[in-house]
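Input: a single structure, listed below in structure tokens.
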Amino acid sequence: MVTSRVPVPFKSEAKEDLNPFRIAMHQFDTAAEKLNLEPGLREVLRRPRRALSLALPVKMDDGTVRVFEGFRVQHNSARGPCKGGIRYHPGVTFDEVKALASWMTWKCATVSIPFGGAKGGIVCDPHHLSHGELERLTRRYAYEIMPIIGPDKDIPAPDVYTDSQTMAWIMDTYSMAHGSNAPGVVTGKPTYLGGSFGRNEATARGCMFCVRSACEVLGISLDRATVAIQGFGNAGSIAAHLLAKQGSTIIAVSDSRGGIYNRAGFNVAELLVHKQKTGSVLGFPSAKEIPSEAVLGIECDILIPAALENQITLENVDMVQARIVGEAANGPTTPDADIVMYKKGIMVIPDVLANAGGVTVSYFEWVQDLQELFWDEDDVNRRLERVMVKAFTDVHTSAKKHNVTMRTGAYILAIDRVAKAMITRGIWP
Ligand code: NAD
């Protein structure tokens, strides 16, 4: 029998609770309180529908066999097939994947695209695996999750340390097993294999549109704004490039090895080449090296966390000096830190909105694959802009109406949309 639940206590003793899944449930509960949901429905919405835990044996190049741990979690599919990235990282945990899957449900609903939420991950350090080992690991993982994925079931995409090559291997494995080409089983593929123009830049471009809207609300000129970015991978480095194109000055960036700072701003095109050549932002000429975390405390107009979860916490939130925080990463801010920034008047554009450009263009890619008709890049970018600008306005309006953070404003919108879908469909059987 489904019973109603008291919200999970968020703090464990005096310490801030950094468990991503408990954070995700707390964020859900905060918004669900405002919606007066029926308790049984609320319980269904806060938990993942299906969670797969895997042991993945791989033949290594030296002839030994190693077993990797992997996961695929489907949170909710009331509004459409599940959708969510696959992360390769030594720090992946089952609870992290569950949190990321639920954030995907709320993200798709926030921007109103017809998908539910999912996520996958493998505990591994891809930097210490050969190309062949990565391919065998990816194909074994694709085989193990094959019963639950498919173009109308669950559609994976890239996330941290996975890319278009990873997606091509999954697409090929799935297609081989099914005896027909299935480009719609994953998104984030190379354009010559059914990928969409604009997908690679979409997360950062969506974030840029949100930041631009936030600047309009706060009366900040984007072309004179200063920007600090934590994480210089797909989301972070392209956000730097796109914001610099808008005239903003990128004054601090970091990656997993450390950070760099120059008050006068970086030439982003040269920085991208440097990162590609050396593998890090460190060593870039005429930049002062700073600890990675120091990037969060740089005096600037816009701060973009674009790395991992739990970066802005109760411990370091007081050092944040930005006026806008655009969460390109998933889960970079803890609930307590969120409240501190809200009280200080910092506008935090939550992950479920700020990085939703990626899944939006993934949706466009899936649509193009299914209809086998492809759009040009301008078309993709224009459609993305429409979705993001509308979603920003919806979330901002919801936050103002309920007098809550932008995150809770987004969750109220999203939970309401998913709840309506579930109520109308009914609980099966
Ligand atoms: P990526 O693998 O391309 O890049 C990750 C970057 O973070 C790298 O530059 C890495 O060096 C850096 N990093 C790792 N640990 C760090 C640390 N402690 N301090 C500073 N930098 C650190 O991954 P990505 O795709 O850019 O994803 C980044 C974030 O954006 C993740 O939270 C991901 O879930 C989120 N996101 C990505 C997409 C997408 O389409 N790629 C979509 C939505 C959300």
Q.
Just checking, does segment 192-203 include any residue being touching a residue at least 40 places away in the same chain (Cβ under 8 Å), outside any helix (DSSP H, G or I), touching a strand residue (DSSP E or B) at 6+ places or on another chain (Cβ under 6 Å) and not aromatic (Phe, Trp, Tyr)?
A. no
**Q.** Residue that is farthest from the ligand (Cβ to nearest atom), among those in segment 56-94 that are of a type in the set (Gly, Ala, Ser) and out of contact with any Gly (no Cβ under 8 Å at 6 or more places or on another chain)
**A.** GLY63
Q. If only one of SER112, SER164, SER180 is of a type in the set (Gly, Ala, Ser), touching a Pro at 6+ places or on another chain (Cβ under 8 Å), open to solvent by 10 Å² or more (accessible area, probe 1.4 Å) and closer than 24 Å to GLN371 by Cα, which one is it?
A. SER164
Q.
Please pick out the residue among ALA228, ALA214 that is open to solvent by less than 20 Å² (accessible area, probe 1.4 Å), under 21 Å from VAL160 (Cα atoms) and either in contact (Cβ under 8 Å) with a residue 12 or more places away in the chain or in a strand (DSSP E or B) (or both).
A. ALA228
Q: Please determine, by comparing only the residues of segment 300-313 that are out of contact with any Lys or Arg (no Cβ under 9 Å at 6 or more places or on another chain) and assigned to a loop (DSSP other than H, G, I, E, B), which one is nearest to the ligand (Cβ to nearest atom).
A: ALA307
Q: Search segment 308-334 for residues being open to solvent by less than 50 Å² (accessible area, probe 1.4 Å) and among the charged types (D, E, K, R), and hand back the single one that is farthest from ALA252 (Cα to Cα).
A: GLU309
Q: Give the residue, chosen from GLY198, GLY206, GLY233, that is within 18 Å of the chain's Cα centre (by Cα), among the small types (Gly, Ala, Ser), closer than 20 Å to GLY84 by Cβ and open to solvent by 10 Å² or more (accessible area, probe 1.4 Å).
A: GLY233
Q) Within segment 253-289, can you find the residues that are closer than 23 Å to GLU309 by Cα and of a type in the set (A, V, I, L, M, F, W, C)? A) VAL253, ILE260, VAL281, LEU282
Q) List pairs: first in segment 396-419 and closer than 20 Å to MET104 by Cα, second acidic (Asp, Glu) and part of a loop (DSSP other than H, G, I, E, B), Cβ under 8 Å, 6+ apart or cross-chain? A) none
Q: Find the residue count for segment 260-282, including only residues that are more than 13 Å from the ligand (Cβ to nearest atom), assigned to a loop (DSSP other than H, G, I, E, B) and open to solvent by less than 30 Å² (accessible area, probe 1.4 Å).
A: 2
Q.
Test of understanding: among ALA287, ALA294, ALA337, which residue is among the small types (Gly, Ala, Ser), surrounded by fewer than 21 Cβ atoms within 10 Å (Cβ to Cβ) and more than 15 Å from the ligand (Cβ to nearest atom)?
A. ALA287
Q. Being over 25 Å from GLY84 (Cβ atoms), within 12 Å of the ligand (Cβ to nearest atom), of a type outside the set (Lys, Arg) and more than 23 Å from the chain's Cα centre (by Cα), is that true of even one residue in segment 241-255?
A. no
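Would you pick out the residues in segment 350-407 that are of a type in the set (S, T, N, Q), assigned to a helix (DSSP H, G or I) and open to solvent by less than 30 Å² (accessible area, probe 1.4 Å)?
Answer for segment 350-407, where residues must be of a type in the set (S, T, N, Q), assigned to a helix (DSSP H, G or I) and open to solvent by less than 30 Å² (accessible area, probe 1.4 Å): THR360, SER362, GLN368, ASN381, SER398.
Test ALA157 against the criterion of being within 15 Å of the ligand (Cβ to nearest atom) and in contact with a Leu (Cβ under 6 Å, 6 or more places away or on another chain), and give yes or no.
It is false that ALA157 is within 15 Å of the ligand (Cβ to nearest atom) and in contact with a Leu (Cβ under 6 Å, 6 or more places away or on another chain).
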Q) Are there any pairs with C-beta distances below 7 angstrom linking a residue in segment 333-360 that is over 19 Å from ASN403 (Cα atoms) and without any contact (Cβ under 8 Å) to a residue 12 or more places away in the chain to a residue that is away from the ligand (no atom under 16 Å from the Cβ) and part of a loop (DSSP other than H, G, I, E, B), with the two at least 6 apart or on different chains, and if so which? A) none
**Q.** Any hit, segment 48-60, residues being charged (D, E, K, R) and surrounded by 17 or more Cβ atoms within 10 Å (Cβ to Cβ)
**A.** yes
**Q.** Close pairs from segment 249-264: first at positive phi, partner within 7 Å of the ligand (Cβ to nearest atom) and modelled with pLDDT under 95, Cβ under 9 Å, at least 6 apart
**A.** GLY258/SER292
Q.
Can you tell me which of (1) over 19 Å from LEU56 (Cα atoms); (2) more than 16 Å from the ligand (Cβ to nearest atom) is the one PRO147 doesn't meet?
A. (1)
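Regarding segment 129-145, can at least one residue be identified that is within 18 Å of GLU309 (Cβ to Cβ), open to solvent by less than 40 Å² (accessible area, probe 1.4 Å) and in contact (Cβ under 8 Å) with a residue 60 or more places away in the chain?
Checked against the condition, which is being within 18 Å of GLU309 (Cβ to Cβ), open to solvent by less than 40 Å² (accessible area, probe 1.4 Å) and in contact (Cβ under 8 Å) with a residue 60 or more places away in the chain, segment 129-145 yields no hits at all.
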Q. Taking segment 161-185, which residues are more than 16 Å from the ligand (Cβ to nearest atom) and either among the acidic types (Asp, Glu) or not in a helix (DSSP H, G or I) (or both)?
A. ASP172, GLY179, SER180, ASN181, ALA182
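The values are calculated or read from the model by the stated rules, or taken from the named source; none is laboratory data. Just so it is clear, the structure is predicted and the values come from calculations on it, not from any experiment. Using ideal geometry, Cβ is built from the backbone for each residue, glycine included, and neighbour counts are taken over all protein chains shown. SASA here: full protein model, heavy atoms, side chains in, ligands and nucleic acids out. Shrake-Rupley method; radii C 1.70, N 1.55, O 1.52, S 1.80 Å.
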